[in-house]
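Worksheet: one structure, shown below.
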Amino acid sequence: LKIAVLVSGSGSNLQVLIDKQLQQLLNIQIVGVISNKADAYALERIRLANEQQANIATAVIERDDNGKKYTRVGFEQQALQELRAWQPDLVVLAGFMRILTPLFIDGVTSKDGLNVPMINLHPSLLPNYKGLDTHTRVLQSGERYHGCSVHLVTSELDAGEVIAQAVTCVNAAESADQLQQRVHAMEHQLLPMVVGLFAERIVWLKNNQLTNRLGLN
Ligand code: GRF
């Protein structure tokens, strides 16, 4: 399965996918990574992986709000151009911190576009706690459970169909940082598991609907 990954920061989830590819634990080839930040540590991870023949292309497409580099539309058009060249079978948002518009989402997922699924990793049990600062909000609300989700990307933020979640109990005495670290570690298990489901075609999209060979809904 050829995958393209969009990142903005540290890229620890990307690293897990790189390791699975290099160790041949998943049948994937990361064909390219787009970062919207030139200083993202994720880019260093790719440089190191490419020393081990990971063969991952990169594109840095920085957008700034003064329009000096890319406007929102310009960013999305440039990103689509990279993806068209890489021809991925699946697009993964792994710590990509910009909101995408229908221009990009349709460009990836629609029949007239690349026509491939796009998934996002989100640090909460969706549909609860969409958006930012999930760990703090979960603690403030006194939730008993928290976790992370991998879901299909649609034009509504963090609202596409959930594919899989990992759940943990919240310890009311822990800090947001501690909770964040625990959820982050769970993400490192959940994301490769879901990518593996796509790689083995156990889940796929049919007429824009998530289907699976497990017969589950
Ligand atoms: C993760 O917590 C993910 O859920 C969120 O951004 C973070 C990315 O972490 N969307 P990393 O860059 O993979 O370390």
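Listing for the model above:
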{"quantity": "log₁₀ of I(q)/I(0) at q = 0.20 Å⁻¹ - segment 1-116, Debye sum with one point per alpha carbon", "calculated": "-1.07"}
{"quantity": "Listed pairs 37/69; 111/206; 2/111; 69/111 exceeding 22 Å between Cα atoms", "calculated": "69/111"}
{"quantity": "Length released on extending from residue 178 to residue 47, taking residue separation times 0.36 nm less the Cα-Cα span", "calculated": "44.2 nm"}
{"quantity": "Separation in nanometres of the label points that stand 7 Å from Cα toward Cβ, at residue 39 and residue 144", "calculated": "4.4"}
{"quantity": "Cut-off 9 Å between beta-carbons: net charge of the residues surrounding residue 107, Lys and Arg +1, Asp and Glu -1", "calculated": "-2"}
{"quantity": "Distance between segment 92-137 and segment 139-155 - C-alpha centres, whole angstrom", "calculated": "13"}
{"quantity": "Space enclosed by the convex hull of the alpha-carbon atoms of the chain, per residue, Å³", "calculated": "126"}
{"quantity": "Per DSSP, loop GluC sites (Glu not before Pro) in segment 49-139 with at most 16 further Cβ within 10 Å", "calculated": "62"}
{"quantity": "Rounded to 5, the percent of DSSP beta bridges in the chain classed as antiparallel", "calculated": "45"}
{"quantity": "Reachable aspartates and glutamates, given that their alpha-carbon falls under 14 Å from the alpha-carbon of residue 130 and they are not under 8 places away in the same chain", "calculated": "156, 158, 161"}
{"quantity": "Contour minus Cα-Cα distance for residue 204 and residue 106 (0.36 nm per residue)", "calculated": "33.6 nm"}
{"quantity": "Relative contact order of segment 1-116, defined on C-alpha pairs under 8 angstrom at six or more residues apart (%)", "calculated": "32"}
{"quantity": "Charge tally in the Cβ shell below 15 Å around residue 158, where Lys, Arg are +1 and Asp, Glu are -1, residue 158 excluded", "calculated": "-1"}
{"quantity": "Principal axes of segment 138-217: Cα extent on each, largest first, Å", "calculated": "45, 25, 20"}
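Read-outs: derived from the displayed coordinates by stated rules, not from any lab. For clarity, every value in this text was computed on a predicted model and none was experimentally measured. No Cβ is skipped: glycine too gets one built from the backbone with ideal geometry, and neighbour counts run over all protein chains shown.
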